[in-house]
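The numbers here are math on the coordinates, done by the rules we state, and not lab data. Please read these numbers as outputs of a predicted model, since none were measured by experiment. Heads up, the Cβs are rebuilt from the backbone with ideal geometry, glycines too, and the neighbour counts pull from every protein chain shown.
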Amino acid sequence: MKHTLAVLVENKSGVLSRVASLFARRGYNIDSLAVGVTEDPDISRMTIVVHGDGHVLEQVTTQLNKLIDVINVTDIRADDAVERELALIKVAADVETRAEIIQIANIFRARIVDVAPKSMTVEVTGDEGKIQAIEKLLRQFGIEEMVRTGKIALVRGAKKV
Amino acid sequence: MTTGSTEKVNGAKALIKCLEKEGVDTLFGYPGGQIIPFYNELYDSDLRHILVRHEQAAAHAADGYARATGKTGVCVSTSGPGATNLVTGIATAYMDSVPIVALTGQVPRALIGNDAFQEADITGITMPITKHNYLVQDAQAIPRIVKEAFHIASTGRPGPVLIDLPKDVQNIEIDLQYPDRIELRSYKPTYKGNPQQIKRAAEEIANSCRPIIYAGGGVISSNASAELVELAEAIMAPVTTTLMGISSIPTGHPLYIGMLGMHGSKYANYAIQESDLIIAVGARFDDRVTGKIESFAPNARIIHIDVDPAEISKNIMVDIPILGDAKQVLRSLIKYVQCCKSEEWIEKVNQWKKEFPLTYCHSQDTVMPQFVIEQISEVCKDAIIVTEVGQHQMWAAQFFKYSKPRTFITSGGLGTMGYGFPAAMGAKVGMPDKTVINIAGDGSFQMNSQELATVVQNDIPVVNVVLNNGYLGMVRQWQELFYDRRYSYTFIKGSVDFVKLAEAYGALGLRAEKPSEVRPAIEEAVRSGRPAVVDVIVECEANVYPMVPAGAAINEFIELEEH
Ligand SMILES: Cc1ncc(C[n+]2csc(CCOP(=O)(O)OP(=O)(O)O)c2C)c(N)n1
Ligand SMILES: [Mg+2]
């Protein structure tokens, strides 16, 4: 089972490696990790997607909390949050396939952000399912390169982590 | 938060002043190029510095000092090889939750990351073995960092903290103002147990017929021995301890049933297996304790008192977790409890105690290692016992009669050979009026025997009793029992003459080869008031029993065969 953790940390050098090394040495698997500064410049926010059962989640959370630079850890439930991921997908494209790719992009409300004689780059934002779906459709044209940011998430409404 | 005036000093001097403010009186260390500015200021300071002969010993000495006194120990080294030499000592302290602060020199900031001479990324290297660490980038931050480091090391679940100090940072002038309080928004240990949970625990206890208290090192680090004994007596429950929990209750207490686990007493293991309620205090259900976890205490409900939330339900699911400091939680728990219906249970446990006592093959001509421990126990009743790692460590755990907390100091979690002697040195420095005995193996002692120079130079009269069996005995025991007696590279007999080794350093060297010589040798060494090594030639193939093979349930023993 997948869990999305919002981890608020002190915005200091070395914090990312503390978190990453904790996951590595305790054998927890990270599906994705996104990190950036928050509205408070002293605080960074990591969004970490992990998989594991309740026991693993409990352990990940308490072990993360033990790191001095970790301020708090919240398990964000999907039905209670806005979750997004951004992907850039460079697809092989020529005069014949270009139109079809644009059409697919439109359906997914994705954008074409670069066009070259033999390729196009599609920018898509959405949840994991959406990105997987467009990736699957674009694969037939040949995906040359793809990059994903990893998921970020905010709890809906007034509630904060 | 700061009070008082500021003064202008360089980073190194600031560091020393901050250490003094923290109440530090002793440092264990070894100088080098990148820590020279610090040593230059140390030259004029009142702090006592013990010059070790290997940085590993500095870390272990700081650790031994901390365990014996309850205060935070401090060690110092230079960058690169000096810092990496501390690593084993830091890891040892980490595994046993011992508060130490390690100070390391680092190459100047401008050179960091360039593979400069004697550069090592020590904050990176020690990340998984410190509670926290710092690379000081800004000299002005030194006072805050020192304050935080000591706070973090000594509070909550204690542990080592490292501060890495680039050489140029040590030279920069700063305005020194020592904060008298700090606020870490991300670090607020819980000390007071949740009253609801404590009441639930008291109810469980009242309903239990076969309760057992399982006490670990947390009882000692939170100074909760008196409360532990009071609880045990209030509810009439037998007490077993982990290796780290030894000395938290007097060995002779009628409710004490010794250590449990792999080399635990049979009666402790039987009792935990048959209990209906385990009250775990400051212990972590380590694999050496639980054996095969699926068959551990199958009918017991578990109350777990611990200061570290990450230990709750880590290895075993508990029924009533109580997050908090052992001393405080036990204090409030005692108020709610009443005696359980445990008379029959106590009787049964006492029966086991009589039926399966800890024992060994006595001998008239050969010195049995267990006999040596018994002799030490009689001669040095109130001594602080420190150990190395191996069979001798287990015998020290099984056969010495401890009466006060902080008198048994051993590397439990990491099992570091070479720990004992330098840790004993640190313990003696911290507790100069106590007799400090290092119970050593002939293998382990050779891992840090160079510290004989340190104890002689600084007049630290530690007595090392080497149980010389000519083997890396604990490994040999496993080879005997599980590898068909194929003693692959565990034979070390005749490696050195320990008496001459001691004498070469200017320490007292004595030898005992017959049972009758053991006691006089120990007495003489203790009486001499000098650093000493007593080389006791013991039976070479004695084994530690009982033994639960790794991975078996803890009531499945390999036992001593009677001759
Ligand atoms: C640094 C280190 N290396 C290796 C080991 C593995 N080990 C555990 S006990 C032991 C033998 C110890 O021999 P000795 O000190 O003579 O004690 P004895 O078991 O003979 O009493 C060894 C090699 C260890 N615990 N620590
Ligand atoms: Mg030996």
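Counting charges near B:ARG485 (Lys, Arg +1; Asp, Glu -1) among other residues having Cβ under 14 Å from its Cβ returns a value of -1.
Pairs of C-alpha atoms in the stretch B:7-176 farther apart than 24 Å represent 24 percent of all such pairs. Expressed as a fraction of 2.2 N^0.38 Å, the value expected for a compact globular protein of N residues, the C-alpha radius of gyration of the stretch B:195-355 is 0.91.
In sequence order, the stretch B:435-443 has phi-based couplings of 6, 10, 10, 9, 8, 10, x, 5, x Hz under the Karplus curve 6.51 cos²θ - 1.76 cosθ + 1.60, θ = phi - 60°, and Gly or Pro positions carry x. Straight-distance candidates among the aspartates and glutamates for linking to B:LYS401, with alpha-carbon spacing under 15 Å and chain neighbours fewer than 8 residues away dropped: B:GLU374, B:GLU378, B:ASP382.
Compared with the alpha-carbon gap, the fully stretched path from A:ARG139 to A:ASN106 is longer by 10.2 nm at 0.36 nm per residue. Note on the stretch B:369-537: semi-axes of the ellipsoid equivalent to its C-alpha gyration tensor, largest first and rounded to whole Å, are 24, 17, 16.
The packing ranking, built from the mean of other Cβ atoms within 10 Å per residue, places the peptides B:74-80, B:110-116, B:8-14 in the order B:74-80, B:8-14, B:110-116, highest first. In this calculation the C-beta distance from A:LYS2 to B:THR190 is compared with R0 = 25 Å, giving a FRET efficiency of 0.25.
Label sites at A:HIS51 and B:ASP180, each approximated as a point 7 angstrom past Cα along Cα to Cβ, lie 5.6 nm apart. Treating r as the C-beta distance of B:GLU523 and B:HIS253 and R0 as 22 Å, the FRET efficiency rounds to 0.20. The alpha carbons of the stretch B:354-452 occupy a box of 40, 28, 28 Å along the principal axes, longest dimension given first.
Over the Cα atoms of the stretch B:319-402, the radius of gyration divided by the Kirkwood radius equals 1.12; this is the Rg/Rh ratio.
Sorted fewest first by neighbouring Cβ atoms within 10 angstrom, B:ASP319, B:ASP46, B:ASP325 come out as B:ASP46, B:ASP319, B:ASP325.
For B:ILE558, the residues whose modelled amide H falls within less than 5 Å of its own, excluding neighbours fewer than 5 places apart on the same chain, are B:MET547, B:VAL548. Its relative contact order, with pairs defined as Cα atoms under 8 Å and 6+ residues apart, puts chain A at 27 percent. Taking amide H positions as modeled 1.01 Å from N, with prolines and chain starts lacking one, the residues under 5 Å from B:VAL76 and 5 or more places away or on another chain are B:PHE28, B:GLY29, B:TYR30, B:LEU103. Here is the tail figure for the stretch A:2-76: Cα pairs spaced more than 17 Å apart come to 34 percent of all pairs. Under a model in which nothing but the beta-carbon of Lys, Arg (+1) and Asp, Glu (-1) is charged, the protein assembly as shown shows a dipole of about 1120 debye around its Cα centre. Hydrodynamic radius of the stretch B:155-265 by the Kirkwood approach over all distinct alpha-carbon pairs: 17.8 Å. Among the listed pairs B:LYS131/B:LYS327; A:LYS12/B:LYS292; B:LYS21/B:LYS188; B:LYS199/B:LYS434, those whose Cα-Cα separation exceeds 32 Å are A:LYS12/B:LYS292; B:LYS199/B:LYS434.
For chain B, the Kirkwood hydrodynamic radius comes to 24.5 Å, computed from all pairs of different C-alpha atoms.
Per-residue extension of 0.36 nm, minus the Cα-Cα distance of B:GLU513 and B:LYS341, leaves a gain of 56.8 nm for this segment.
Average 1/r across all pairs of distinct alpha carbons in chain A, invert it, and you get the Kirkwood radius: 17.4 Å.
The HN-Hα couplings worked out from phi for the stretch A:36-47 by the Karplus form 6.51 cos²θ - 1.76 cosθ + 1.60 (θ = phi - 60°) are x, 6, 10, 4, 9, x, 7, 10, 10, 10, 9, 10 Hz, whole numbers, x standing for Gly and Pro. Hey, if you drop one equal point scatterer on each alpha-carbon of the stretch A:81-154 and run the Debye formula without solvent, what base-10 log of I(q)/I(0) do you get at q = 0.15, 0.17, 0.21, 0.26 Å⁻¹? Cα-only, vacuum Debye calculation for the stretch A:81-154: -0.44, -0.56, -0.82, -1.20.
Dimensions of the protein assembly as shown along the principal axes, based on C-alpha atoms and rounded to the nearest Å, stand at 99, 64, 57, largest first.
Derived scalar couplings between HN and Hα for the stretch B:481-491 equal 7, 10, 10, 6, 6, 8, 7, 6, 6, 10, 8 Hz in order, rounded to whole Hz, by the Karplus curve 6.51 cos²θ - 1.76 cosθ + 1.60 (θ = phi - 60°), x for Gly and Pro. Cα centroids of the stretch B:303-351 and the stretch B:189-214: 5 Å apart. Let me know the shape class of the stretch B:205-270, please: from the alpha-carbon gyration tensor, a ≥ b ≥ c as square roots of the eigenvalues, rounded when a/c is under 1.5, otherwise prolate if a/b is greater than b/c, or oblate. Verdict is oblate for the stretch B:205-270. Take each residue in A:61-68, count the other chain C-beta atoms within 10 Å of its C-beta, and the mean is 5.
Taking the number of Cβ atoms within 10 Å of each Cβ as an exposure proxy, the fewest-first ranking of B:TRP395, B:TRP352, B:TRP345, B:TRP478 is B:TRP478, B:TRP352, B:TRP345, B:TRP395. Ordered by the count of other Cβ atoms within 10 Å of each Cβ, fewest first, B:VAL536, A:VAL73, A:VAL82 give A:VAL82, A:VAL73, B:VAL536. Per residue of peptide B:122-134, the mean number of Cβ atoms on other chains within 10 Å of the residue Cβ is 3.
Using the Cβ of B:ALA300 as centre and a radius below 11 Å, the other residues enclosed give a net charge of -2, where K and R count +1 and D and E count -1.
Remark: the stretch A:2-76 carries a charge dipole of roughly 300 debye about the Cα centre, counting +1 on each Lys and Arg Cβ and -1 on each Asp and Glu Cβ.
Mind listing P(r) for the stretch B:81-232? All alpha-carbon pairs, 10 Å bins, whole percents. Histogramming the stretch B:81-232 at 10 Å steps yields 10, 30, 28, 17, 10, 5, 1 percent. Per-residue ellipticity at 222 nm, computed for chain B from helices alone with -39500 (n - 2.57) per DSSP H run of at least four residues, works out to -10500 deg cm²/dmol. Close amide H pairs (under 5 Å, H built 1.01 Å from N) link B:ILE302 with B:ILE278, B:ASP319, B:ILE320, residues at least 5 positions away or on another chain. Normalised by 2.2 N^0.38 Å, where N is the number of residues, the C-alpha radius of gyration of the stretch B:265-344 stands at 1.13.
Given the stretch B:1-88, what whole percent of its Cα pairs are spread farther than 14 Å? It works out to 66 percent of all Cα pairs.
Based on C-alpha pairs under 8 angstrom that are at least 6 apart in sequence, chain B has a relative contact order of 15 percent.
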